[in-house]
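In what follows, a structure is listed as structure tokens, so that the remarks can point back to it.
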């Protein structure tokens, strides 16, 4: 990995007025970089359209409608205003666009209708604070992602669901036949959705209360009742019992579409809650749930895990010497260095500040140490230009613990953290492990 690799995963292309860009560019960029995306600024329609046509990534395209009043339709047109219809005709139709408009424009319903009928991804009213705009754009990035698999546990007689279509939309359906053991199945699988038929609810009215009162219950999880026939009294009773939603069974395809919509919302909520916005990695909350699930999988498949914690050496000095913005770049570079070393079933988290956690699937303690040490060497090799002609290299220290020697996520974290402390005390820039109380370290 070189220092020239892109720092930010996504891009926003913004078409706006020159004075708006001049007055807001620095602050917008600062906010955007905290959310793992960059902004490219355009004040000419032709340049913007060419950039949109050439984009092959996951960009968002933002158009400030006020810009139309100061832009010519083309180089040979003396008019100072480009009409909205002309712009819509010139924009590539395969893309969607985010429109910024004034409150006066927002009050014109026919304008909103025209926008949403013309590849509008979203619209927002100005004035809007730069940090608020960036936060909203980040949410749009999350919504556009394919996202993680959503797991659905279904209790009751099958209803002809198109499970292949659901799986294509990344919704996995798991059938469970016994209401008395549903709470155990939910505890084991930690599903995102639980679907219970009205017949099962009438048979065991306490189902939802038992699921929700568990202190380990996921607050994002939705528990839905599938009602085969309208029954207002039963609906009121189910909602009072704790169901999040009631779906009336009309058609299997309609039911599948409803479940996919619910899954998409759950997926977005999980990303907003469980991901670090500056790096796109799992945060502390996201790591906790996924690590617990990985430990359960390791137990059921008799596989080892290696749990590592890394911390950038002398990070306070980096911030104090070159500023917090430069410190953020060092953190971002570390996340980009670690990510290529992560396998499909591994976990990577920015746990907080300059501290990162990795969990290696089907990995012994010895192999975990080797993999983490390879990450350390890769990060040490990156040159950082702190000022013109002045290049520095930075390092991190790490500690590793292993499952099944340590059984829970908390035990693994505490043990790996103790080894991280040992690495720091031993001179930094090394990885320490200590199976059964015996230490081993690698020092660069």
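The values are calculated or read from the model by the stated rules, or taken from the named source; none is laboratory data. This one's a predicted model, so the numbers in the text were calculated from it and none came from an experiment. Positions of Cβ are generated from backbone atoms using ideal geometry, with glycine treated the same way; all protein chains shown enter the neighbour counts.
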Hey, among the residues in the stretch 230-244 that are touching a strand residue (DSSP E or B) at 6+ places or on another chain (Cβ under 8 Å) and in contact (Cβ under 8 Å) with a residue 12 or more places away in the chain, which one's surrounded by the most Cβ atoms within 10 Å (Cβ to Cβ)?
238
Quick check on the stretch 206-216: of everything there that is surrounded by fewer than 15 Cβ atoms within 10 Å (Cβ to Cβ) and under 23 Å from residue 297 (Cα atoms), which residue is modelled with the lowest pLDDT?
216
Have a look at 260, 247, 223 and point out the one that is in contact with a strand residue (DSSP E or B) (Cβ under 8 Å, 6 or more places away or on another chain) and either part of a helix (DSSP H, G or I) or free of Cβ contacts under 8 Å to residues at least 12 places away in the same chain (or both).
260
Check every one of the strands (runs of 3 or more DSSP E) wholly within the stretch 360-415 and list those with 2 or more residues that are within 15 Å of residue 306 (Cβ to Cβ), touching a residue at least 24 places away in the same chain (Cβ under 8 Å) and assigned by TED's automatic domain parsing to the domain that holds residue 299.
396-403
Looking at residue 178 and the list (1) under 20 Å from residue 238 (Cα atoms); (2) loosely packed, with under 13 Cβ neighbours inside 10 Å; (3) touching a helix residue (DSSP H, G or I) at 6+ places or on another chain (Cβ under 7 Å), which single condition is not satisfied?
(3)
Determine the pairs where a residue that is closer than 15 Å to residue 62 by Cβ, located within the stretch 138-149, has a partner that is modelled with pLDDT of 85 or more and in a loop (DSSP other than H, G, I, E, B) with Cβ atoms under 6 Å apart, the partner being 6 or more residues away or on another chain.
138/35
Against the condition within 30 Å of residue 39 (Cβ to Cβ) and either touching a strand residue (DSSP E or B) at 6+ places or on another chain (Cβ under 7 Å) or not assigned by TED's automatic domain parsing to the domain that holds residue 24 (or both), how does residue 209 come out, does it pass?
no
Mind checking whether some residue in the stretch 266-279 is in contact (Cβ under 8 Å) with a residue 24 or more places away in the chain and at positive phi?
no
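Matching residues to (1) without any contact (Cβ under 8 Å) to a residue 12 or more places away in the chain; (2) crowded, with 19+ Cβ neighbours inside 10 Å; (3) closer than 27 Å to residue 206 by Cβ:
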site	(1), (2), (3)
153	no, yes, yes
158	no, no, yes
162	no, no, no
166	no, yes, no
170	no, no, no
173	no, yes, yes
184	yes, no, yes
189	no, no, yes
193	no, yes, yes
